[in-house]
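The values are calculated or read from the model by the stated rules, or taken from the named source; none is laboratory data. What you are looking at is a predicted structure, and each value in this text was computed from that prediction instead of being measured. Glycine also receives a Cβ, built like all others from the backbone with ideal geometry; neighbour counts cover every protein chain displayed.
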Amino acid sequence: MQDVKFKKLIKELVMISLGCAIYSFAFTHLIVQSKMAEGGGTGIALLIYYITGLPTSQGNLLVNIPLLIMGYKFLTKKTMHYTLYGIGMLTFWIYIFERFHIVLDLGGDRLLAALFGGGIAGAGLAIVFLFGGSTGGVDLIALVLNKFYKTPIARSIQVIDAIIILATLVVLKDIPAILYTLIYIYVLTKMLDIVLEGGLPGKAVMIISPKIEEISEAISVKMERGMTYLHGEGSYTGKEMKIGYCVVSLKEIKDIKEIIYSIDKMAFVTINNVHDIMGEGFSINRKR
């Protein structure tokens with residue numbers, strides 16, 4: 001058991017280091033090089049770099065030390081250790097890429113830098129989060145605000161990041177840089193969602209129809225998709241009804257809509273995005 005735990009620990013530390021390396025590469029070679037902004041602790045370090053010229057590796061360490069002192073009471077022992085490790089690895093890799101800089105010739109195209117920077121940085125951070133790591137920064141401030149003022153953590157992070165980016169705008173006096181930064185942050189966030197949520201994307205279809213059983217049978221025969229009945233009650237009629245719930249892949253949306261409306265043109269249908277679909281027909285093959 002101890003051997004298994006040790007191997008798990010080593011794997012987590014290696015993957016957190018890898019994630020920090022990937023993020024640091026994008027940050028140093030695409031974001032800093034293109035003079036864009038960033039949120040979080042690295043965003044503050046970048047702002048200090050633009051004002052004083054202090055390398056972002058040193059700035060990141062200087063920013064996170066007081067934040068750690070301020071937030072250590074609100075972290076579990078394991079989280080504290082992993083946060084320290086994450087900050088150390090992030091600082092180390094930024095320093096390495098500052099010393100051994102790779103010139104990426106994008107022809108001065110900031111849009112490419114924002115798109116690729118967001119994708120690469122998002123993938124790196126996702127790896128860090130997947131293996132229980134943290135890169136410190138404003139997350140620690142958000143924890144303190146939540147403790148004393150009950151401010152939602154996500155809202156605090158958003159507001160602090162916005163302040164950092166606006167401060168960078170004031171320093172750089174470069175509106176296009178901030179606009180490209182917004183593209184970078186959007187791509188980074190989407191990449192985080194894709195990697196962290198994982199699995200297969202699809203659509204959840206909810207159907208309200210007096211012919212729901214006929215619709216269910218047709219979907220089963222033509223699409224080999226099962227349906228679950230949810231029991232509901234009409235607020236106006238007071239009548240009990242069966243509501244059909246079915247999950248399909250993205251390419252099957254057209255087919256299921258055709259089946260539904262070929263049987264009941266007045267059917268009420270809602271379609272929502274779902275992520276990480278697991279089970280028969282998706283992550284498990286049907287038995288023949």
The residue that is nearest to I10 (Cα to Cα), considering only those in the stretch 56-111 that are loosely packed, with under 12 Cβ neighbours inside 10 Å and of a type in the set (K, R), is K78
Test result for Y180, surrounded by 18 or more Cβ atoms within 10 Å (Cβ to Cβ), aromatic (F, W, Y) and either assigned by TED's automatic domain parsing to the domain that holds T52 or within 30 Å of I253 (Cβ to Cβ) (or both)
yes
When you go through (1) within 30 Å of K190 (Cβ to Cβ); (2) at pLDDT below 95 one by one for Y245, which number turns out not to apply?
(2)
Pick out, from the stretch 109-175, the helices (runs of 4 or more DSSP H) lying fully within it that include 3 or more residues that are without any contact (Cβ under 8 Å) to a residue 40 or more places away in the chain.
138-149, 153-172
Between a residue in the stretch 209-235 that is in the same structural domain as V269 (by TED's automatic domain parsing) and among the charged types (D, E, K, R) and any residue that is at pLDDT below 95 and part of a strand (DSSP E or B), which pairs come within a Cβ distance under 8 Å, given they are 6 or more apart or on different chains?
E213/K242; R225/C246; R225/V247; R225/V248; E233/E240; E233/M241
If you go through K211, K242, K222, the only one that is in contact with a His (Cβ under 9 Å, 6 or more places away or on another chain) and over 30 Å from A121 (Cβ atoms) is K242
If I filter the stretch 80-87 for residues that are at pLDDT below 85, assigned to a helix (DSSP H, G or I) and not small (G, A, S), do I get at least one hit?
yes
Residue that is modelled with the lowest pLDDT, among those in the stretch 259-288 that are touching a helix residue (DSSP H, G or I) at 6+ places or on another chain (Cβ under 9 Å) and farther than 14 Å from I212 by Cα
D276
Can you find a residue in the stretch 99-118 that is among the acidic types (D, E), under 17 Å from G40 (Cβ atoms) and in the same structural domain as L9 (by TED's automatic domain parsing)?
no
When you go through L18, L9 one by one, which is the residue that is touching a residue at least 60 places away in the same chain (Cβ under 8 Å), assigned by TED's automatic domain parsing to the domain that holds L61 and surrounded by fewer than 24 Cβ atoms within 10 Å (Cβ to Cβ)?
L18
